[in-house]
Amino acid sequence: MSLRLIQMHGAPGSGKSTLAAALGRELGAVVIDKDLIATALIRDGIAFSEAGPHSYAIAWMLLPSLLGQGFSVIHDSPCFWPQIEQNGRAIAARADANYHIIECICADEAELDRRLATRARLESNPATRLEGPMRPGMYTLDCARLVLDTTQPVADLVAQAVEYLIGGAPGRTPSAPASRLSATAGARE
């Protein structure tokens, strides 16, 4: 398989980290988890409000280094700000790697609440669902990506993601409950 930078996306509790870990094992890719970096910074005395931006600064150093060493990388973080997607695309282009976004949603609100309440929570993880309007600077992705409903078994999600990444899966309509995919989803940009 060719070199890839895969950007995970989705709200807290949507299944990003679970899918990223399983997909990393399947592809032999390194997973960079923004919450692990942010939690380490918080534990080292960095304020919660500063840990997120600093964790991205660290990721922007790690991602090109790992790609340069020949590893495909999965960036496990929500892609709520345009610079995350822009930086990821630029890093992938410099490394001559394919760039992909996989968005996780949990269509069952009760399941999402259960996940948030029962997961082993890091200091950087919220305990409840994101509610209300988006924070300043946040945006909604409007690009080619695979969208997966993570109420499905993880093995099925990994199979769909691999099909998308490797097999050039045909497009699915946006109304399809299991996943949706734009016809240009895997294109290198």
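Every read-out reported here was derived from the displayed coordinates using simple, explicitly stated rules and does not represent laboratory data. From a predicted model like this one, the values you see are computed outputs, not experimental measurements. Note that each Cβ is placed from the backbone with ideal geometry, even for glycine, and that neighbours are counted across all protein chains shown.
Backbone amide hydrogens, once placed in the peptide plane, bring Ile101 within less than 5 Å of Gln7, Leu146, excluding anything fewer than 5 places away on its chain. Across the range 41-120, Cα pairs under 8 Å and at least six residues apart give a relative contact order of 19 percent. Sorted ascending by nearby beta carbons within 10 Å, beginning with the fewest, Met8, Met61 become Met61, Met8.
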